[in-house]
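Below is one structure; the comments refer to it alone.
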Number of protein chains: 2
Amino acid sequence: MSAEGGTPAFESSTFSAESFFATQPPPPDLEKSVVSVREFVARQIRERRRVVLITSGGTTVPLELNVVRFLDNFSAGTRGATSAEYFLDAGYAVIFMHRQFSLQPYSRHYSHSTNPFLDLLEIHSESSSSGARSSHITVTPSKEADLVEVLSRYKQVHAKGILHTLTFVTVNDYLWLLRSVSHELSRMGRRSMYYLAAAVSDFFLPRQKMSEHKIQSGKGSLHIEMDQVPKVLRSMVSEWSSGGFVVSFKLETDSALIIPKARAALERYGHQVVIGNELHNRKYQVVFVTPSEAGFSETWLRINPETHPITASLHHVKEIEEDIVAELVRRHDDWLGSSTE
Amino acid sequence: MSAEGGTPAFESSTFSAESFFATQPPPPDLEKSVVSVREFVARQIRERRRVVLITSGGTTVPLELNVVRFLDNFSAGTRGATSAEYFLDAGYAVIFMHRQFSLQPYSRHYSHSTNPFLDLLEIHSESSSSGARSSHITVTPSKEADLVEVLSRYKQVHAKGILHTLTFVTVNDYLWLLRSVSHELSRMGRRSMYYLAAAVSDFFLPRQKMSEHKIQSGKGSLHIEMDQVPKVLRSMVSEWSSGGFVVSFKLETDSALIIPKARAALERYGHQVVIGNELHNRKYQVVFVTPSEAGFSETWLRINPETHPITASLHHVKEIEEDIVAELVRRHDDWLGSSTE
């Protein structure tokens with residue numbers, strides 16, 4: 001990378017998963033995360049629950065070691081955070097591996113931007129007989145039923161210990177964490193699911209090519225050359241996960257690319273499902289692409305939230321993740337039933 | 001930009017503020033934002049309040065028209081959101097122009113990641129004599145005093161109508177909005193302040209050079225060439241703001257660059273204050289650089305939060321923004337007093 005005009009002074013290179021992990025440093029808190037996951041998985045095995053690893057949110061690619069600027073992938077984390085709630089409802093334990101500050105299950109209903117919780121609360125001030133004033137907070141009555149429902153589920157999930165949260169920021173953090181968590185989860189074999197909803201960068205800047213300090217402006221245009229992130233799905237399927245049910249996502253803006261790219265991914269990596277979606281209608285329509293005897297099969301899921309009645313449930317508006325998770329649980333059941341396990 | 005190896009196929013160019021606004025499209029909701037600011041400023045003039053425009057959070061540079069990937073600048077928006085509270089305490093009305101989903105005044109105390117509000121709440125279930133169950137929510141007693149204080153201030157500020165929030169995402173949104181809001185605020189002349197704390201990209205990709213669709217991987221490394229964002233501070237000081245008190249920020253990772261770059265900015269743009277800060281200690285130390293008869297004057301502000309006593313105030317830990325805002329209010333007073341207004 002250079003802030004001067006002209007050609008970058010280094011060669012681009014191609015990373016395999018092996019060369020990536022051999023040359024890029026692990027995040028400092030990796031071992032601590034691994035231990036926490038090991039304990040979580042062991043407990044779920046004892047309690048006979050299936051576990052799904054959900055990845056969620058975008059990854060960053062820092063351009064500087066003292067990072068001021070970074071490349072990012074668009075993702076608020078809605079798909080992952082919403083799906084986590086439905087997997088928990090379906091009896092799965094969830095490892096929720098998400099981008100720092102992206103949406104999380106339950107709190108997602110109270111985004112500070114769109115539904116700030118301070119607007120739900122009211123203050124009541126009282127004076128006691130001694131003249132001292134005290135204040136108490138209550139929830140606005142019209143908002144209380146919704147909040148009771150979200151809060152009840154949140155507290156149940158925490159009391160049962162079935163939601164384990166991990167965070168990442170960079171694509172480097174993400175890859176290291178994914179490998180380690182998959183390794184821990186492999187102890188569960190085919191009863192584990194991998195739901196890879198994070199928007200992972202295809203490109204990165206190896207540590208060896210990063211500027212130490214903030215790139216200075218004022219010297220012309222900025223040139224960046226990035227290397228390809230290794231395609232780790234192959235390693236995951238063949239080595240790390242030891243037989244789990246693997247679901248990857250394919251997000252495109254050109255809808256004509258979705259099916260061919262989903263098929264190519266299944267051929268290349270040999271996993272169970274690719275969920276294809278297009279950026280602009282991803283909340284209303286997805287396609288499940290799976291290997292079949294005839295080659296590939298495609299199943300479309302579509303919702304029209306406007307025609308769905310408002311119910312008294314937590315989810316007042318129909319969310320497509322409800323149908324995605326129901327379909328995956330059914331397929332995971334069938335897949336387990338057809339196995340020799 | 002190209003996803004193939006080799007040299008980008010276009011020429012880089014240099015944008016002035018004029019050529020930027022002549023060639024890059026305005027955000028679709030600009031006119032609505034301008035009208036809302038016009039009404040807000042008119043009301044503050046009637047009510048004889050000073051107004052500060054605070055910009056906060058990072059700007060994005062989308063790499064595609066259907067945006068999947070973007071360049072971003074590191075900023076959670078802590079400086080801007082925290083300073084907004086102190087300006088409001090000091091009697092200023094605040095236009096808070098911030099990156100979507102970055103921290104906001106008051107709700108910043110309850111980040112979903114570090115202090116989730118769901119953890120502050122408790123559910124009480126009761127059965128009535130008819131057997132119907134009802135649930136009520138209360139705040140955990142040990143957390144209630146803090147929340148009462150934050151909530152009281154939040155409600156007061158909203159009741160008085162002294163906080164106006166605007167959002168941006170891209171550097172293009174930011175520049176258009178900054179120009180328009182400055183123009184509206186110029187009606188207030190020297191009683192306005194501009195507190196430009198946003199982390200604005202120095203580079204951008206003109207719309208004419210953007211890919212329509214998601215850049216495809218699998219074809220080698222990614223090359224990006226970006227143009228320089230025009231330095232709009234000069235236009236702001238000389239044309240848009242009509243005499244307001246302008247405070248800009250200079251964030252560096254190499255501390256040796258702070259003072260020279262702050263002086264260069266004051267010489268080039270002719271505004272009132274540059275606040276210099278270094279990435280790793282920006283919460284504890286800043287320097288005010290200002291023009292003086294002797295050339296430039298430098299004033300360091302430093303805090304040691306660990307030695308400050310915990311008080312009963314909203315801000316249990318000393319925040320350097322308290323001192324920054326107090327110093328700026330004093331300087332704005334002096335500057336107004338020394339004017340011929």
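Over all residues in A:59-68, what is the mean tally of Cβ atoms on other chains that come within 10 Å of each residue's Cβ?
Mean partner shielding for this stretch: 3.
Can you pull the three principal axis extents for the Cα set of chain A, in Å, largest first?
Dimensions of chain A along the principal axes of its Cα atoms: 78, 61, 42 Å.
Per residue, how much accessible area does the range A:67-144 show when a 1.4 Å probe rolls over the protein heavy atoms, in square angstrom? Present the calculation step by step, with values, prior to reporting the outcome.
Working: 3010 Å² over 78 residues.
Accessible area per residue: 39 Å².
Roughly how large, in nm² to one decimal, is the mean projection of the convex hull of the alpha-carbon atoms in the range B:77-197?
Working: hull surface 42.4 nm².
Convex hull of Cα atoms, orientation-averaged projection: 10.6 nm².
Only counting protein heavy atoms at a 1.4 Å probe, give the residues of the range B:129-157, ordered by number, whose accessible area falls by 50 Å² or more when the other protein chains are present relative to the chain alone.
At a threshold of 50 Å² (probe 1.4 Å), the residues of the range B:129-157 that become less exposed are B:137, B:144, B:148, B:151, B:154.
Restricting the count to DSSP beta bridges whose residues both fall in chain A, what percent are antiparallel, rounded to a multiple of 5? It would help to have the intermediate numbers written out before the result.
Details: 24 of 55 bridges.
Within chain A, antiparallel bridges account for around 45 percent of the total.
Using the per-residue mean of other Cβ atoms lying within 10 Å as a proxy for protection, in what order, highest first, do the peptides B:43-53, B:57-67 fall?
The packing order, highest mean first, is B:57-67, B:43-53.
So which residues in the range A:238-254 end up with at least 10 square angstrom less accessible surface once the other protein chains are there, compared with the chain by itself, probe 1.4 angstrom?
A:251, A:252, A:253, A:254
In whole angstrom, and with the biggest value first, how far do the Cα coordinates of the protein assembly as shown range along each principal axis?
Principal-axis extents of the Cα atoms in the protein assembly as shown, largest first: 89, 78, 50 Å.
Please give the total accessible area that chains B and A bury against each other, computed with a 1.4 Å probe and expressed in Å² to the nearest 100.
Buried area between the two chains comes out at roughly 6200 Å².
With a 1.4 Å probe and all protein chains kept in place, how do B:35, B:148 rank by accessible area, largest first?
If we order B:35, B:148 from most to least accessible, we get B:35, B:148.
Ordering A:268, B:69 by accessible area with a probe of 1.4 Å, largest first, what comes out?
A:268, B:69
If I model the range B:171-304 as equal point scatterers sitting on the Cα atoms and use the Debye formula, what is log10 I(q)/I(0) at q = 0.09, 0.12, 0.14, 0.16 Å⁻¹?
Log10 I(q)/I(0), no solvent term: -0.36, -0.60, -0.76, -0.92.
Looking at this model, which pairs from A:283/B:214; A:160/B:143; B:214/B:261 are more than 27 angstrom apart at the alpha-carbon?
B:214/B:261
State the percentage of accessible surface on the protein assembly as shown attributable to carbon and sulfur atoms; use a 1.4 Å probe and exclude ligands, DNA and RNA.
It is 50 percent, rounded to a whole number.
The values are calculated or read from the model by the stated rules, or taken from the named source; none is laboratory data. What you see is a predicted model; the values in this text were computed from it and never measured. Ideal geometry is used to build each Cβ from the backbone, glycine not excepted, and the neighbour counts take in all protein chains shown. Quick note on the areas: whole protein, heavy atoms, side chains included, nothing else; ligands and nucleic acids left out. Shrake-Rupley method; radii C 1.70, N 1.55, O 1.52, S 1.80 Å.
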